[in-house]
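Read the structure below first, then the notes.
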Amino acid sequence: MEISLTDFKSRCREAVLDLLWRQWCSLGVSGHASPAQPGRLIDLEALVLATTSLGRLEPRLFDEAFDWLGSHGWLIHFQRLANLQRSHQLGDEPVLQAMAEWLAKKTAQPRWKAVARRKTEKRAKPPLEPLFPGIEGPVPTTLDDIFRSQGLTRGVFQPRGMSRVPQPLLAPNLMASLRALIGVSARVEVILFLAGSQTAAKAADIARATGYAPRTLQAVLQEMLLSGHLLSQEPATRPRASSERRRHGSYHVQPSDWAFLTSGKPLPKWTPWAALFAIVRSVMAAIPDPGEKPHHAAVVSSRLRDTLAEHSPALAAAGLLPDLDLRPEAPGAELLQCLAERLPALLHSL
């Protein structure tokens, strides 16, 4: 059956916007969406990065998420945000810079200055383009100066203040609620990754899944062992000189120690959202919009192969790769057919 790339892109767009709405509404954004899946943890940094790019497809979603960050942006881990952005090529840098500058200037969250002032490659002053491309509507009479400085045109952002506090007993919100409890640190992701997987994992695997540098995470793991709630086959009292050996050890937690977070219900699974959002963004970017010069299916599939090869290990580790049923050696038409049939359905199911 011949693949309609336009239809494929449209269904991906619908599915990912639905997913973004469900996750943001679970966190407290004002909107009407189905609840986020209770068995899947929301990744705050991956969600913010996806919204800076894919969220531009729907102005109301973008602005309501931005409104939420105006009140709860202190829950974001900025180093992890940068790590995921770099490792997954996820997010729109000018949009993120504009959002960070606005949050640093307009809200009581000065730590966003670190993102707004982050060094990036020197580039010529960008030509102006709409923040929300392809969205019909009246041209704003007054542009937002902060977004305009990043080459983006939009009306002056006026937060509605309709966002609510994340509900702590909703399982998908555990990253936000645990950060509120013990602080914004790598310890939160270690706990949630291990408690959700209910299996032991090596430090390198935990670092790869959670988006931290292995050396940084190794030091955190050694400190956490002293609590008695992070477990390893090696004793917590072993001196730091043994860290080279410890890197090859495995770590685990007792999920029952953390059952209070969900009132005794199973903890949600760790999901590689950054990898999934990166795949969707690549699909959206590879397929031209109606009216643009069409690309042959072979060209589109070739562009997607590199992205799939890069992110498939993360999906495989989370048990999601069979849902896509991808075969690396499949011809281009078969690859696209498989993605067209399975990627939107996977997004709707998560």
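Distance between the modelled labels on Ala285 and Trp74, one decimal in nanometres: 3.5 nm (7 Å Cα→Cβ projection). The length gained on full extension between Ser263 and Gln158, counted as 0.36 nm times the residue separation minus their Cα-Cα distance, comes to 34.0 nm. Residues of region 187-201 with an amide N closer than 14 Å to a point placed 7 Å from the Cα of Ala219 along the Cα-to-Cβ direction: 187. The calculated FRET efficiency for Leu226 paired with Thr141, based on their beta-carbon distance and R0 = 56 Å, is about 0.40. What the Cβ-Cβ distance of Lys125 and Asp205 gives, at R0 = 25 Å and to the nearest 0.05, is a FRET efficiency of 0.05.
Close amide H pairs (under 5 Å, H built 1.01 Å from N) link Tyr251 with Ala201, Lys202, residues at least 5 positions away or on another chain.
Once amide H atoms are built 1.01 Å from N in the peptide plane, which residues 5 or more positions from Arg164, or in another chain, come under 5 Å H to H? Long-range HN contacts for Arg164: Val29, Ser30. For region 129-142, backbone phi angles converted through the Karplus equation (6.51, -1.76, 1.60; θ = phi - 60°) give residue-by-residue couplings of 9, x, 4, 10, x, x, 8, 7, x, x, 6, x, 6, 10 Hz, Gly and Pro being listed as x. Each residue of region 260-271 was assigned a 3J(HN,Hα) from its phi angle through the Karplus curve 6.51 cos²θ - 1.76 cosθ + 1.60 (θ = phi - 60°); the sequence is 4, 5, 10, 6, x, 7, x, 6, x, 6, 6, 10 Hz, with glycine and proline shown as x.
When you count the other C-beta atoms within 10 angstrom of each residue and take the mean per peptide, 256-265, 63-72, 4-13 line up highest first as 63-72, 4-13, 256-265.
Full extension from Thr6 to Arg305: what is 0.36 nm times the residue separation minus their Cα-Cα distance, to one decimal in nm?
Working: separation 299, 0.36 × 299 = 107.64 nm, distance 1.89 nm.
Full-extension gain reported as 105.7 nm.
Within straight-line reach of Lys9, meaning a Cα separation under 13 Å, sit the following aspartates and glutamates at least 8 residues removed in sequence or on another chain: Asp289, Glu341. Which part of region 38-64 falls in the paramagnetic zone of Leu181, meaning amide N under 20 Å from the point 7 Å along Cα-to-beta-carbon? Within reach of a label on Leu181, which here means backbone N under 20 Å from a point 7 Å along Cα→Cβ, region 38-64 contributes 38-45.
Students often check this: by mean Cβ neighbours within 10 Å, which of 330-340, 286-296 ranks highest, and how do the rest follow? Numbers along the way, then the final one.
Working: 330-340: 17.6, 286-296: 12.1.
Highest mean packing first, the order is 330-340, 286-296.
Calculated FRET efficiency, Cys338 to Ala108, Cβ-Cβ distance, R0 = 45 Å: about 0.40 to the nearest 0.05. Amide hydrogen proximity for Arg40: with H placed 1.01 Å from N in the peptide plane, the residues at 5 or more positions away or on another chain lying under 5 Å are Lys269. Checking (1) 21.9; (2) 19.4; (3) 16.7 against mean projected area of the Cα convex hull in nm² calculated from these atoms, the matching label is (2).
Annotation: peptides 156-165, 310-319, 190-199, 18-27, ranked by per-residue average of other Cβ atoms within 10 Å with the highest first, follow the order 18-27, 190-199, 310-319, 156-165.
No value in this document is a laboratory result; all are computed from the given coordinates. Keep in mind that this is a model prediction, so the values were computed, not measured. Please note: Cβ atoms are built from the backbone with ideal geometry, for glycine as well, and neighbour counts cover all protein chains shown.
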